[in-house]
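Undergrad: Here it is: the structure, laid out below.
The values are calculated or read from the model by the stated rules, or taken from the named source; none is laboratory data. Everything quoted here is computed from the prediction, not taken from an experiment. Methodologically, a virtual Cβ is constructed for each residue, glycine included, from the backbone with ideal geometry; neighbour enumeration extends over all protein chains shown. Please note that ligands, DNA and RNA were not included when accessible areas were found on the heavy atoms of the full protein model with its side chains. Shrake-Rupley method; radii C 1.70, N 1.55, O 1.52, S 1.80 Å.
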Amino acid sequence: MEAKAGRFIVLEGVDGAGKSRAIARLADHVRAAGRPLTVTREPGGTHLGEQIRGLLLDSDGATRAPETDALLFNAARSQLVREVIRPALERGDVVLCDRFGGSTLAYQGHGSGVDVSALRVLESFATHGTEPGLVLLLDLPAADGLARRGRGDPAELNRFEDESRHDTAFHQRVRSGYLALADADPARWRVIDASREPDAIDAELAAVVDVFLASSEPERVPARMRG
C-alpha cells in the first residue's frame, strides 16, 4: 500500500528568473495559511547535496561532460528525497523545492543534448518515482534572465551562467525545453510570466498554489521509498 502524504511543489526556471525571491515569498504565504512547510533546494538541501552543489556550480575552470553533470545532480537529488522530501511528505508537510528533475531534463537534456528518455529513467531511479504534484515554471526570455544575473555580483555567477561555457543559445534551448515539458504535462505544470513586476508574480503564484492545496489529493509516497 501507499501512505497518504503532503504536497510537493517545485519552482523551475532559467537562470535569472527570480526563483529564490519567489520561493521565499511563496513560503511566507503558505506559512500564513497555517500549513506545515518544508523549504529546500537543488542541488543541495543535505550535507552531501551541498558538497555536490559546490562541485556542480563553482566556476573553477574544470570541464565536465553533461552526462557527468546529470549523474551528480541525480546523486544529490536521491539524497534529498530520502533525507528531506520523503520524510516531510510523510509528515503531511507542504514541500517547496527550488528546482527538481525538470532542471536536469531542461539543462542537461534540451540544453546539452543528453537523451531525455535516459534522463527520465535516471531520475526515476534516483527518486524512486517521487514526483511533484505541481511545477511552477517562472518563464522569461533567456537573454533577459542572463541580463538580470549580469547586473549582480560577478563572483556569485555559477558555472552555468558563465558565458564562455554556456552561451545565450544554450540558455535559449533550456527555456525551449522547459516550455516543451510544460506543454507535455499541463496537468502538473503551470507557466508563470516572470517578466512582470514581482508583486504580480507573487500574487499569481499564491493563487495557483491556493487552488492546488485546496482541490487536489495529497501526493502519495511510493511504498518502496518508505522504511
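Undergrad: For the structure I just gave you, tell me whether R86 is at pLDDT 90 or above and either under 29 Å from V209 (Cβ atoms) or open to solvent by 40 Å² or more (accessible area, probe 1.4 Å) (or both).
TA: yes
Undergrad: Here is a follow-up. Please go through segment 1-52 and give me each residue that is of a type in the set (V, I, T) and either touching a Cys at 6+ places or on another chain (Cβ under 6 Å) or open to solvent by 60 Å² or more (accessible area, probe 1.4 Å) (or both), ordered by number.
TA: V10, V39, T40
Here's the yes/no breakdown for (1) in contact with a strand residue (DSSP E or B) (Cβ under 7 Å, 6 or more places away or on another chain); (2) assigned to a helix (DSSP H, G or I); (3) not hydrophobic (A, V, I, L, M, F, W, C):
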site: R25; (1), (2), (3): no, yes, yes
site: R35; (1), (2), (3): yes, no, yes
site: G44; (1), (2), (3): no, no, yes
site: R53; (1), (2), (3): no, yes, yes
site: R64; (1), (2), (3): no, no, yes
site: E67; (1), (2), (3): no, yes, yes
site: R77; (1), (2), (3): no, yes, yes
site: R82; (1), (2), (3): no, yes, yes
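Undergrad: Being of a type in the set (V, I, T) and outside any helix (DSSP H, G or I) is the filter; apply it to segment 167-205 and report the residue that is nearest to L26 (Cα to Cα).
TA: Among them, the one singled out is I192.
Undergrad: Moving on to the next point. Could you give every pair whose Cβ atoms fall below 8 Å, whose first residue belongs to segment 46-66 and is modelled with pLDDT of 85 or more, and whose second residue is part of a helix (DSSP H, G or I) and open to solvent by 50 Å² or more (accessible area, probe 1.4 Å), counting only separations of at least 6 or pairs across chains?
TA: If the second residue must be part of a helix (DSSP H, G or I) and open to solvent by 50 Å² or more (accessible area, probe 1.4 Å), the pairs left are T46/Q79; T46/E83; L48/Q79; G49/Q79.
Undergrad: Here is a further query. In segment 126-147, which residues are in contact (Cβ under 8 Å) with a residue 40 or more places away in the chain and part of a helix (DSSP H, G or I)?
TA: A126, T127, A142, D144, G145, L146, A147
Undergrad: Could you tell me how many of the residues in segment 109-122 are under 19 Å from L179 (Cα atoms) and part of a helix (DSSP H, G or I)?
TA: So the answer is 7.
Undergrad: A further question on this structure: Hey, among V191, V208, which residue is among the β-branched types (V, I, T), under 19 Å from H110 (Cβ atoms) and modelled with pLDDT of 95 or more?
TA: Testing whether each residue is among the β-branched types (V, I, T), under 19 Å from H110 (Cβ atoms) and modelled with pLDDT of 95 or more leaves just V191.
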